[in-house]
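J.: Encoded as structure tokens, here's the structure I'll be asking about.
The values are calculated or read from the model by the stated rules, or taken from the named source; none is laboratory data. For clarity, every value in this text was computed on a predicted model and none was experimentally measured. Note that we place each Cβ from the backbone using ideal geometry, even for glycine, and neighbour counts take in every protein chain shown.
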Amino acid sequence: MNSEFGIASVWAQGDFVTRAVAILLLLMSLASWTIIVLKTLDVLRYKKLATQAQDFWLSKDLDTGLASLGSDPGNPFRQMVEEGVQASTHHQNTEAQLQDALDRNEWVTRNLRQVVDDFTARLQSGLAVLASVGSTAPFVGLFGTVWGIYHALVAIGTTGQASIDKVAGPVGEALIMTAFGLAVAIPAVLGYNALVRGNKGILHKLGRFAHDLHAYLMTGARVGGAKVSPFK
């Protein structure tokens, strides 16, 4: 690309508004790509943990099952088991008069749901930034384009020259800002959609695990499994 009509020319000829828009788009791009990379690594990590969680039901007792889930404090499946067991134990150790006022099923369900809610919030953190970048970046770029065209037209009116060679350069440079806006928005939108799909898959597996764990804590057996608990 000719240096007279390239990106460097846009930066050199632009005023503080044009440069501020370019810097803003750059920061939005860096933020979105950082979130996409980090959240993608999280999704891959949690998918691996979800696959490993199936070994929990093949364990001979609860301690072995917890060991099969690893020692990662961020493992939602391990947190689910720990919270469920603690809730069940707490209810059993409650004084008789208080225990009569509490329903064990609802108490355990509430604790398991809290784990799911906390993990959902953790998964969704950062997605609002991607959604905001995807929806606003094109308009930020369009604002830079409009501002550049305005200054190009002012310059043309001042010089009195409106030939194609005088118009094409400034207008083309202004339109580059629209391309910048789209280049920032498209990855943000695609990344947001991909992460939402990945998160839904993980939450589905965590929900199934919570359902089976709740059934085990209430009845001593996993739903759809053997009548005898695998931990006995």
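J.: Given the conditions (1) without any contact (Cβ under 8 Å) to a residue 40 or more places away in the chain; (2) surrounded by fewer than 18 Cβ atoms within 10 Å (Cβ to Cβ), report the number of the one that Leu182 does not fulfil.
T.: (1)
J.: Do you know which of the residues in the stretch 99-144 that are aliphatic (A, V, I, L, M) and over 16 Å from the mean Cα position of the chain (by Cα) is surrounded by the fewest Cβ atoms within 10 Å (Cβ to Cβ)?
T.: Quick first cut of the stretch 99-144, residues aliphatic (A, V, I, L, M) only: 101-102, 108, 112, 115-116, 121, 123, 127-131, 133, 137, 140, 142.
Those still in the list that are over 16 Å from the mean Cα position of the chain (by Cα) too: 101-102, 108, 112, 115, 137, 140, 142.
Numbers: Ala101: 8, Leu102: 12, Val108: 22, Leu112: 24, Val115: 21, Ala137: 25, Val140: 21, Leu142: 16.
Among those that are aliphatic (A, V, I, L, M) and over 16 Å from the mean Cα position of the chain (by Cα), it is Ala101.
J.: Next question, about the same structure. Is it true that Leu41 is at pLDDT 80 or above, farther than 21 Å from Met218 by Cβ, crowded, with 16+ Cβ neighbours inside 10 Å and of a type outside the set (D, E, K, R)?
T.: Answer is no for this residue.
J.: I'm trying to understand the selection: among the residues of the stretch 1-38, which are at pLDDT 90 or above and farther than 30 Å from His204 by Cα?
T.: Leu24, Leu25, Leu26, Leu27, Met28, Ser29, Leu30
J.: For residues in the stretch 71-85 being without any contact (Cβ under 8 Å) to a residue 60 or more places away in the chain and farther than 14 Å from Arg45 by Cβ, which is nearest to the chain's Cα centre (by Cα)?
T.: Residue satisfying both the conditions and the ranking: Gln79.
J.: Name the residues in the stretch 200-209 that are in contact (Cβ under 8 Å) with a residue 60 or more places away in the chain and surrounded by fewer than 20 Cβ atoms within 10 Å (Cβ to Cβ), would you?
T.: Gly201, Leu203, Lys205, Gly207
J.: Between a first residue in the stretch 18-44 that is in contact (Cβ under 8 Å) with a residue 24 or more places away in the chain and among the basic types (Lys, Arg) and a second residue that is surrounded by 14 or more Cβ atoms within 10 Å (Cβ to Cβ) and not in a helix (DSSP H, G or I), which pairs have beta carbons less than 8 Å apart while being 6 or more apart in sequence or on different chains?
T.: Lys39/Gly126
J.: Under 6 Å between Cβ atoms, at least 6 apart or on separate chains: pull out the pairs that start in the stretch 51-70 with a residue that is of a type in the set (Val, Ile, Thr) and end on any residue that is modelled with pLDDT of 85 or more.
T.: Short answer, once both residue conditions are applied: none.
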